[in-house]
Amino acid sequence: QVQLVESGRGLVQPGGSLTLSCAASVRFFSIYDMGWYRQAPGKQRELVASITSGSSTNYADSVKGRFTISRDNAKSTVYLQMNLLQSEDTAVYYCNRDGRSKWYWGPGTQVTVSS
């Protein structure tokens, strides 16, 4: 069973920055397309950023130009650099495979943007 462990939780002011990390306990991590998802209170979980095995990236319109997803295959880790954070970015953030096949969800990491 693959384990996903997200880290980097924090409370930041609007306009601030935060970097999240997600380590996956899986062999051949490099072959998987990965994504960062978030779930705000009372809302559905949504995909905010994805990165393919070839490191092509895609972003939700709401975060485009502010968030950057990257990966380190040697560490089986995917990152999410978040800049110009807004209150609307407050959510629990998760990583998982991109696409229909998913591993079990990790615990996520809380990001709160507030003054």
Output for the range 22-39, where each listed residue is closer than 13 Å to residue 98 by Cα, surrounded by 20 or more Cβ atoms within 10 Å (Cβ to Cβ) and hydrophobic (A, V, I, L, M, F, W, C):
29, 34, 36
Report yes if some residue within the range 84-97 is in contact (Cβ under 8 Å) with a residue 40 or more places away in the chain, over 24 Å from residue 17 (Cβ atoms) and out of contact with any Lys or Arg (no Cβ under 6 Å at 6 or more places or on another chain); otherwise report no.
yes
Filtered residues of the range 86-102 (kept if in a loop (DSSP other than H, G, I, E, B), open to solvent by less than 60 Å² (accessible area, probe 1.4 Å) and either in contact with a His (Cβ under 9 Å, 6 or more places away or on another chain) or more than 11 Å from residue 34 (Cα to Cα) (or both))
90
Can you name the number of the only condition in (1) out of contact with any Gly (no Cβ under 7 Å at 6 or more places or on another chain); (2) at pLDDT 95 or above; (3) hydrophobic (A, V, I, L, M, F, W, C); (4) surrounded by 14 or more Cβ atoms within 10 Å (Cβ to Cβ) that residue 74 fails?
(4)
Run down 106, 65 and say which single residue is assigned to a loop (DSSP other than H, G, I, E, B), exposed (fewer than 14 other Cβ atoms within 10 Å of the Cβ) and among the small types (Gly, Ala, Ser).
65
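The values are calculated or read from the model by the stated rules, or taken from the named source; none is laboratory data. Nothing here was measured: the structure is a model prediction, and the numbers come from that model. Note that we place each Cβ from the backbone using ideal geometry, even for glycine, and neighbour counts take in every protein chain shown. Just the protein is used for accessible areas: all its heavy atoms, side chains included, with ligands, DNA and RNA removed. Shrake-Rupley method; radii C 1.70, N 1.55, O 1.52, S 1.80 Å.
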